[in-house]
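No lab work stands behind these numbers, since they all come straight from the coordinates. From a predicted model like this one, the values you see are computed outputs, not experimental measurements.
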Amino acid sequence: MTNYTKNIEKRYTQLIKYERDRIEVLVKVGIKQNRIAALLNRDPSTISREISRNRSPVNNKKYIASQAEAQAYCRKHYSHQKVRLKCAKIKWYVKEKLKKGWSPEIIAGRIRIDFPRYKTNYESIYQYIYKKEPELVIYLARCHKKRRKKHKNRHKKQIGIPNRVSITERPAEANQRLERGHWEADNIISRKSKDTLNVLYDRALRLTRITKMKNNSSLENVKAIRSRLCRTYRRTITYDNGKENVRHELINKYLGTKSFFCHPYCSSDKGGVESVIGLIRRHLPKRTDFAKITKEQIKRIEWLLNDRPRKCLGYLKPNEVHAHCTW
């Protein structure tokens, strides 16, 4: 018997199509596996494993090279893909919270609080949704059929506001979210009617206040902010440069607050309230007629937002933090 072991290379390489074609021919003429291994300069166990694993699915006694090549390719392709959300309880939790409007990042963080024995990460949840449960895409914030990268639009333009104070002069306590009472304000406009929603957001507590207004005038804006903050702790309010904010000094007079304004066309300066508006749009998408939305519906949406766990709060809810807030 030929001593084939001396000629075997130390570095292992997988079988190629040419070798599988030769194996098919040699098996058909009745050559034994040890002899086939010697002719191909391979270990007998390699040939034995190849024939047993990649036999024809129709006839187990036959070895067909083309089918063996396809089976080997599929096995290699899927062997490196990890199973996402292995536990049935995690899958159930993810589906339930997605339907409730929670983001994958919030779900991954909150599950460690609700079920300490289980854990996952938001990337696994996204991959599970897009690869295994694409019907759950409708519960994501943007509902994109494919995942997209974020793009930033940068515009610089000067807009005049009476006695406007730039956000660069805002105190460090507000910038670093060290104390409550520093609010961000913005409005959501309806294309179907004049009715508008005023949204207030506490930078530290992540607390949200939503008020329905008859229109987007500066006077209505003053009434909405005054009514929602008159009995709430407040120090500063950060606005954008819209015309509805021209009476900001009147608000300061009523509430004793200070006004600060974002750089023109830089929504990231007040990213907290912008993020909350994105969550509100899940319940009230664009082209929604705000005139048909009742105050009870607004209160319901406000409650859902304040009952939503936040990563920046250690996955606690704004309502929980506000209830025990001492600073």
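Using C-alpha pairs under 8 Å with a sequence gap of at least 6, the mean separation divided by the residue count of the chain gives a relative contact order of 14 percent. Backbone geometry of the range 310-325 corresponds, through the Karplus equation with coefficients 6.51, -1.76 and 1.60 at θ = phi - 60°, to 3J(HN,Hα) couplings of 10, 4, 5, 9, x, 6, 8, 9, x, 4, 5, 5, 5, 5, 10, 6 Hz, x marking Gly and Pro. The orientation-averaged shadow of the Cα convex hull for the range 167-323, equal to a quarter of the hull surface, comes to 8.7 nm². Averaging over all projection directions, the Cα-based convex hull of the range 88-139 occupies 3.1 nm² in the image plane. Over the C-alpha trace of the chain, radius of gyration and Dmax come out as 31.5, 102 angstrom.
Derived scalar couplings between HN and Hα for the range 183-196 equal 9, 10, 10, 7, 10, 10, 9, 9, 7, 8, 7, 7, 4, 9 Hz in order, rounded to whole Hz, by the Karplus curve 6.51 cos²θ - 1.76 cosθ + 1.60 (θ = phi - 60°), x for Gly and Pro. The mean sequence separation of alpha-carbon pairs under 8 Å and at least six residues apart, normalised by the residue count of the range 35-150, gives a relative contact order of 15 percent. In the chain, the DSSP beta bridges split such that about 65 percent are antiparallel, to the nearest 5. If you take the Cα centroid of the range 204-239 and the Cα centroid of the range 27-80, the two points sit 73 Å apart. Under 5 Å from the amide H of THR236 lie the amide H atoms of HIS182, TRP183, LYS258, each residue being 5 or more positions distant or on a separate chain, with H modelled from the backbone and absent for Pro and chain starts.
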